[in-house]
Structures are given as structure tokens and as C-alpha cells.
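Undergrad: Handing you this structure, nothing more for now.
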Amino acid sequence: MENTLYFAYGSNINLEQMAYRCPDAQVVGPVTLEGWELLFRRGGFATIAPKEGEKVTGLLWSITRSCERSLDYYEGYPRFYDKRMVTVRDGEGRSLSVMAYIMDERFREPMLPTDTYYNGILEGYRQNGLPTAELKKAWDHAVREVHQETERINASFTDRAKPPKRRGGHDR
């Protein structure tokens, strides 16, 4: 049975977490996905989305069918995350078509990750020598998006028409 090449960009970059979820998975190495950005969405979970001029650095794994079933369960496939083929580039410049989990469009509202989730990803970046600037950028982007959404919601409440005053100018 042939293994699947899987692109991890979130919590599955963390070696201990992947060892728990997929004991038979093998690290292939760091890769880059051009034209995409890392985001935090519903539940504060990581996902990726197309964005020209951006890139996502992640970790390529070779996973067995059993590992893939385990990841399907963990990722909430097919409802919460979909599986898509994306093209990554390895350290030698080779293009590889690989599988990635991408959050379903229905669940794309911005949310901040928990400290535990974020730090688990950060640890995975460090374990694999990946640049942490992209992860920090995704955090900062989520903070701005959540703030903007909060402002928009609050404005919708304050913009509602106030009841008219009673005749004679007296409120009771």
C-alpha cells in the first residue's frame, strides 16, 4: 500500500502530537506552499487560504492509510476540514503535489487560538527549524480581524434608531 504525502501547517507540525495521532507517520521535511496564507478561524484552529504574494511554511509527512484515517477523525473530515491537493516546494526547489486539510468555507470566521493550541504549533515550528514569523503574522492578523469584527458588531447595536422623545420633551 502506497503512503500519502501530507502537508501540515498547524498542530500536526508538532512532533509529539503527530507521534500520538499517527505513530507510523514519517517526517519528509520542511516545504513551502506559495500563494497561500496561514489563518486562524473557527475555534481558533489553523487553516490556509489562497493569497497572492504570501507563503506558508510547513512540514511534509509520509502517512499510511491508517494514519490518514486517524487524521481524518482528528481534523473533522469531511465536515470541518476538507482534503485538497496542493503543490508545495521542497528545499531543493522540487514541486510536489501533496494532500492538505483546509477548513470548510462555512467555518471561516476569525477567532484567536488558545494559548495551548498556539504554543503547540510554535513548539512544532521550533522542533523542525521552521521560521516562526509566519505564525506570529497569522496571530496578529487574527487579532486585527477579531477586533474589526467586534467593532462592526458593536456599531450595529449603537447605530440602531433610538426611540423618539415624548411630546413636551419629557422622558418618563
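The values are calculated or read from the model by the stated rules, or taken from the named source; none is laboratory data. The shown structure was predicted, so the numbers you read here are calculated from the model rather than taken from an experiment. No Cβ is skipped: glycine too gets one built from the backbone with ideal geometry, and neighbour counts run over all protein chains shown.
Undergrad: Going by the structure shown, is residue 65 surrounded by fewer than 23 Cβ atoms within 10 Å (Cβ to Cβ), farther than 23 Å from residue 112 by Cβ and modelled with pLDDT of 95 or more?
TA: On the way: surrounded by fewer than 23 Cβ atoms within 10 Å (Cβ to Cβ): yes; farther than 23 Å from residue 112 by Cβ: yes; modelled with pLDDT of 95 or more: yes.
Considered against the rule, which asks whether it is surrounded by fewer than 23 Cβ atoms within 10 Å (Cβ to Cβ), farther than 23 Å from residue 112 by Cβ and modelled with pLDDT of 95 or more, residue 65 comes out as yes.
Undergrad: While we're here: In the stretch 121-135, is there at least one residue being of a type outside the set (A, V, I, L, M, F, W, C), within 14 Å of the chain's Cα centre (by Cα) and either farther than 16 Å from residue 17 by Cα or at pLDDT below 95 (or both)?
TA: Yes.
Undergrad: Looking only at the stretch 43-57, count how many residues are over 26 Å from residue 119 (Cα atoms) and either in contact with a strand residue (DSSP E or B) (Cβ under 7 Å, 6 or more places away or on another chain) or at pLDDT below 95 (or both). Steps first, please.
TA: Of all residues in the stretch 43-57, those over 26 Å from residue 119 (Cα atoms) come to 52-53.
Filter once more, so that each one left must be either in contact with a strand residue (DSSP E or B) (Cβ under 7 Å, 6 or more places away or on another chain) or at pLDDT below 95 (or both): 52.
Within the stretch 43-57, residues that are over 26 Å from residue 119 (Cα atoms) and either in contact with a strand residue (DSSP E or B) (Cβ under 7 Å, 6 or more places away or on another chain) or at pLDDT below 95 (or both) number 1.
Undergrad: Of all residues in the stretch 111-145 being of a type in the set (S, T, N, Q) and in a helix (DSSP H, G or I), which is surrounded by the fewest Cβ atoms within 10 Å (Cβ to Cβ)?
TA: Filtering the stretch 111-145 down to residues of a type in the set (S, T, N, Q) leaves 114, 116, 119, 127-128, 132.
The next check asks that each one be in a helix (DSSP H, G or I); those that pass are 116, 119, 127.
Details: 116: 9, 119: 12, 127: 14.
This residue is 116.
Undergrad: Would you call residue 3 more than 20 Å from residue 120 (Cβ to Cβ) and of a type in the set (S, T, N, Q)? Can you show your working first?
TA: Numbers: more than 20 Å from residue 120 (Cβ to Cβ): yes; of a type in the set (S, T, N, Q): yes.
Spelling it out, residue 3 is indeed more than 20 Å from residue 120 (Cβ to Cβ) and of a type in the set (S, T, N, Q).
Results for (1) at pLDDT below 95; (2) surrounded by fewer than 21 Cβ atoms within 10 Å (Cβ to Cβ); (3) within 12 Å of residue 8 (Cβ to Cβ); (4) of a type in the set (A, V, I, L, M), shown as yes or no for each residue.
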position	(1), (2), (3), (4)
29	no, yes, yes, no
36	no, no, no, no
59	no, no, yes, yes
84	no, yes, no, no
97	no, yes, no, no
